[in-house]
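The values are calculated or read from the model by the stated rules, or taken from the named source; none is laboratory data. Since we're looking at a predicted model, the values are computed, not measured. Cβ sites come from the backbone with ideal geometry, for glycine too, and all protein chains shown count toward neighbours.
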Amino acid sequence: MASTYSIPRSSTTIRGQPGDVAGFKAGLAEVRAAFPDLRLDVEKLVEEGDTVSGLFWMSGTHLGPFMGAPATGRTFRVRASDVVRMREGRIVEHWGLIDGESLARQLCLAGAA
């Protein structure tokens, strides 16, 4: 991760963390604590110039606090995608999408449809 990492305004940060290296790392640490068995199964990776795009399945077991909810012990599997721009082998920009509605529904989080 580059020291000048940024998350564009059009993208969501991980759990509201700042859009910088420290925020990205803190957000990932929170996700890993909530889902210690987190798994990413890559379906497709595409590289063009300094940009890499990925489509994958994300799965895991909710074993720690997440989004203000205590662990449910439930498992989930959702689609996600990421686009990163690289410079000198490091990520300098990141855009990410996850099927948050499906995630909330599978974990039975408050407000899930």
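Taking the stretch 7-22 as the region of interest, how many residues are in a helix (DSSP H, G or I) and at pLDDT below 75?
Pass one, the stretch 7-22, residues in a helix (DSSP H, G or I): 14-16, 21-22.
Keeping just the survivors that are at pLDDT below 75 gives 14-16, 21.
Total satisfying the criteria: 4.
Phe35: at pLDDT 95 or above and not charged (D, E, K, R), yes or no? Before the answer, list the steps.
Details: at pLDDT 95 or above: yes; not charged (D, E, K, R): yes.
The answer is yes for Phe35.
Of all residues in the stretch 71-91, those satisfying the criterion of being out of contact with any Leu (no Cβ under 9 Å at 6 or more places or on another chain) and assigned to a loop (DSSP other than H, G, I, E, B) are Glu88, Gly89.
Residue-wise test of (1) more than 17 Å from Glu101 (Cα to Cα); (2) at pLDDT 75 or above.
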position	(1), (2)
Tyr5	yes, no
Ala26	yes, yes
His62	no, yes
Thr75	no, yes
Arg79	no, yes
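The set of residues in the stretch 84-108 being surrounded by 15 or more Cβ atoms within 10 Å (Cβ to Cβ) and at pLDDT below 90 consists of Ile91, Val92, Glu93, His94, Trp95, Gly96.
I want to confirm something. Restricting to the stretch 57-113 and keeping residues that are out of contact with any helix residue (DSSP H, G or I) (no Cβ under 6 Å at 6 or more places or on another chain) and polar (S, T, N, Q), which single residue is nearest to Val42 (Cα to Cα)? Checking each candidate, the answer is Ser81. For the stretch 50-67, a residue qualifies if it is part of a loop (DSSP other than H, G, I, E, B) and either of a type in the set (D, E, K, R) or farther than 16 Å from Gln106 by Cα (or both), and exactly one does: Asp50.
Candidates Leu45, Leu55: the one that is of a type in the set (A, V, I, L, M) and within 15 Å of the chain's Cα centre (by Cα) is Leu55. Being surrounded by 14 or more Cβ atoms within 10 Å (Cβ to Cβ) and not in a loop (DSSP other than H, G, I, E, B), is that true of even one residue in the stretch 34-49? Within the stretch 34-49, one or more residues are surrounded by 14 or more Cβ atoms within 10 Å (Cβ to Cβ) and not in a loop (DSSP other than H, G, I, E, B). Pairs linking a residue in the stretch 78-98 that is under 14 Å from Asp20 (Cα atoms) and in contact (Cβ under 8 Å) with a residue 12 or more places away in the chain to a residue that is among the basic types (Lys, Arg) and part of a strand (DSSP E or B), with Cβ atoms under 8 Å and 6 or more positions apart or on different chains, are Ile91/Arg85; Val92/Arg85; Glu93/Arg85; His94/Arg85.
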